[in-house]
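Single-structure report; data block below.
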Amino acid sequence: MQVRPTRAEDRRACALLYAAVAEERRYIGGEPPIDIEKRAETWSIDGDFVAEADGEVIGNLHVQATHHGFGIIGMMVAKDWRGRGVGSALMEAAIAYAREQNLHKLILDVFVHNEAAIALYKKFGFVEEGRRVKQYRRKSGEFWDSLEMGLLL
């Protein structure tokens with residue numbers, strides 16, 4: 001497994017990964033159906049990284065740098081690759097990139113039930129900065145809370 005900056009030719013693979021994780025209806029905000037071609041066309045590769053194994057995209061992380069000097073992280077890992085170091089490798093790349101971009105902080109939003117992700121973020125020094133109650137309305141009609149987490153660099 002290796003982590004590298006996302007290339008233009010990775011856009012469709014990233015969109016397919018997004019659709020697969022969205023299908024689980026548990027870890028990311030997106031829910032099916034996902035228009036893969038549209039998602040691929042609009043995939044931003046600036047500040048974007050993929051984890052790849054045997055030529056297959058198995059993880060993705062995006063750092064959206066803001067003009068206020070902080071970056072917003074979004075990450076996903078293929079189901080069969082969770083718990084195998086992919087998230088850690090992506091986080092290392094994100095933190096290194098953020099420092100290269102002279103960002104002073106990284107922030108993220110995570111569903112409160114995603115305990116594995118929360119543990120990963122805490123491992124890298126992220127702290128809980130707040131909780132948004134019933135922040136996300138799901139297609140099922142449920143409302144999910146999210147944690148805001150941050151890392152000062």
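Every number in this text was worked out from the coordinates using simple rules, so none of it is lab data. Predicted model, so just to flag it, every value in this text is computed and none were measured. With ideal geometry, Cβ positions are generated from the backbone for all residues, glycine too; neighbour counts draw on all protein chains shown.
Annotations for the structure displayed:
- Flag if Glu31 is in contact with a helix residue (DSSP H, G or I) (Cβ under 8 Å, 6 or more places away or on another chain) and not β-branched (Val, Ile, Thr): yes
- Only a single criterion out of (1) surrounded by 15 or more Cβ atoms within 10 Å (Cβ to Cβ); (2) under 30 Å from Phe143 (Cβ atoms) is not satisfied by Val57, namely (2).
- Residue count for region 60-72 satisfying the condition of being surrounded by 21 or more Cβ atoms within 10 Å (Cβ to Cβ) and among the hydroxyl-bearing types (Ser, Thr, Tyr): 0.
- Contact map, region 9-30: residues that are closer than 19 Å to Val112 by Cα and touching a residue at least 24 places away in the same chain (Cβ under 8 Å) paired with residues that are assigned to a helix (DSSP H, G or I) and of a type in the set (Phe, Trp, Tyr), Cβ distance under 9 Å, separation 6+ or inter-chain. Pairs shown: Ile28/Tyr18.
- Where Ile72 falls short, out of the listed (1) closer than 16 Å to Val110 by Cα; (2) in contact with a helix residue (DSSP H, G or I) (Cβ under 8 Å, 6 or more places away or on another chain): (2)
- In region 31-75, residue farthest from the chain's Cα centre (by Cα) [restricted to those that are on the phi > 0 side of the Ramachandran plot and touching a residue at least 12 places away in the same chain (Cβ under 8 Å)]: Gly69
- Ala89 surrounded by fewer than 19 Cβ atoms within 10 Å (Cβ to Cβ), in contact (Cβ under 8 Å) with a residue 60 or more places away in the chain and of a type in the set (A, V, I, L, M): yes
- Pair list, Cβ under 7 Å, 6 or more apart: region 110-125 residue under 14 Å from Met75 (Cβ atoms), other residue assigned to a helix (DSSP H, G or I) and among the aromatic types (Phe, Trp, Tyr): Val110/Tyr121
- Verdict on Leu108 being out of contact with any Ser or Thr (no Cβ under 9 Å at 6 or more places or on another chain) and within 22 Å of Phe124 (Cα to Cα): yes
- For region 41-51, the set of residues classified as surrounded by 18 or more Cβ atoms within 10 Å (Cβ to Cβ) and farther than 24 Å from Arg138 by Cβ consists of Gly47, Asp48, Phe49, Val50, Ala51, listed by residue number.
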